[in-house]
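For reference, the structure discussed in these notes is given below.
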Amino acid sequence: MKDLIEQVVSAWRPRDLDGGVRAHPSWYDLDEAQREEAFEETVRQRTIEAGLDAEGLSGTAHAVLARIQGIRRP
Amino acid sequence: MDLDRHLPEIASGDAAAFGRWLSGAEPRLRGGLRPFATSVDTEAVLQEALLRTWNVAPRVQPDGRPDALLRLAARIARNLALSELRRARVEPTEVQRLERLADQELEQRTEPDPLLRRLIHRCREALPAQPRRAIALRVDACGGVSDTELAERAGMSLNTFLQNVRRARLLLVECLARGGFAWEAP
């Protein structure tokens, strides 16, 4: 079960056909306590990612920037 | 410090300026989604909210209060989370309860601490080889690569890769605590 939590802690998320960000498939397999644990571990993971990044950006920020640099504003 | 100092550049389409805004905004927005943590995948909601914030940023008008873009992003994120709850047919009374919790003011957070950054780098240097390699792959992937693919790149089974990432984070958290860093209470 810890492996499922660890997958949810990742900033990687699948996209739907319209390009929208979808929930991680493993998130649905977690119970309430595990979802809370995944949230708190994500907070720590993003802090560490930002601290290791030259520009202070987390995996979430990089994922979003990669998306906006690949699409035009409507 | 008011994150709206980046707004003119963001509005003109400067993605790097949006990145600078993100480094200050993301922790506060994530904290605002904490009430929804057991009901929706907050990481997905947050990323979608940030993409939508980028799209509407050129139309944001400062209202005399600080952090207009941050407050807008928080509303977008909250509404996305509520929409997900309704789609999942969560009990209306529970939706209302979470809505009230999410209406509380955004947490005030300080800018990233350069001392913390140095401490994180020092702690990473002390990690054993396998956890260090695994978390480096996770960080370098920037959310663009699934763990299945990262495990293949590392030459590890998915299970081993995930265990190494987790071990690395636990060791880093312990090392940061020994260095005097106190994680904010949930």
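Values in this text are rule-based calculations from the coordinates and carry no lab data. Bear in mind that the values here come from a model prediction, so they are computed numbers and not experimental data. Because the Cβ atoms are built from the backbone with ideal geometry, glycine has one as well, and the counts that use them run over all protein chains shown.
Could you pull out the GluC sites (Glu not before Pro) across chain A that fall in loop regions by DSSP (anything but H, G, I, E, B) with no more than 15 other Cβ atoms inside 10 Å?
On the way: sites: A:Glu6, A:Glu32, A:Glu36, A:Glu37, A:Glu40, A:Glu41, A:Glu49, A:Glu55; in loops: A:Glu55.
The qualifying sites are A:Glu55.
If you consider only alpha-carbon coordinates, what radius of gyration and Dmax does the range B:22-78 have, in Å?
Reported Rg and Dmax, both Å: 11.3, 35.
What's the Kirkwood radius of the protein assembly as shown in Å, using all Cα pairs? Could you put the intermediate results ahead of the total?
Working: mean 1/r = 0.0533 Å⁻¹.
Here the Kirkwood hydrodynamic radius works out to 18.8 Å.
Any cysteines in the protein assembly as shown with zero other Cys Cβ atoms under 4.7 Å from their Cβ? List them, or say none.
B:Cys142, each lacking another Cys Cβ under 4.7 Å.
Using only C-alpha positions, report the orientation-averaged shadow area of the convex hull of chain A, nm², one decimal.
5.9 nm²
Can you give the relative contact order of chain B as a percent, counting alpha carbon pairs under 8 Å and 6+ residues apart?
20 percent
Quick one: if the Förster radius is 51 Å, what FRET efficiency do B:Arg86 and B:Arg118 give, using the C-beta to C-beta distance and rounding to 0.05? Intermediate values should be presented prior to the final figure.
On the way: r = 45 Å, r/R0 = 0.88.
Efficiency, rounded to the nearest 0.05: 0.70.
About its Cα centre, how strong a charge dipole does the range B:123-186 have in debye, to the nearest 20, once Lys and Arg get +1 and Asp and Glu get -1 at the Cβ? Numbers along the way, then the final one.
Details: 9 positive and 7 negative charges, 38 e Å.
That gives the range B:123-186 a dipole magnitude of about 180 debye.
Using the Cα centre as the reference, give the magnitude of the dipole from point charges on the C-beta atoms of chain B (Lys, Arg: +1; Asp, Glu: -1; all else neutral), rounded to the nearest 20 debye.
420 debye
Determine one quarter of the surface area of the Cα convex hull of chain B, which equals its mean projected area, and express it in nm² to one decimal.
12.6 nm²
Mind listing the phi-derived Karplus ³J(HN,Hα) values for the range B:147-153, rounded to whole Hz, using 6.51, -1.76 and 1.60 with θ = phi - 60°, and x for any glycine or proline?
Along the range B:147-153, the couplings run 5, 4, 6, 5, 4, 4, 4 Hz.
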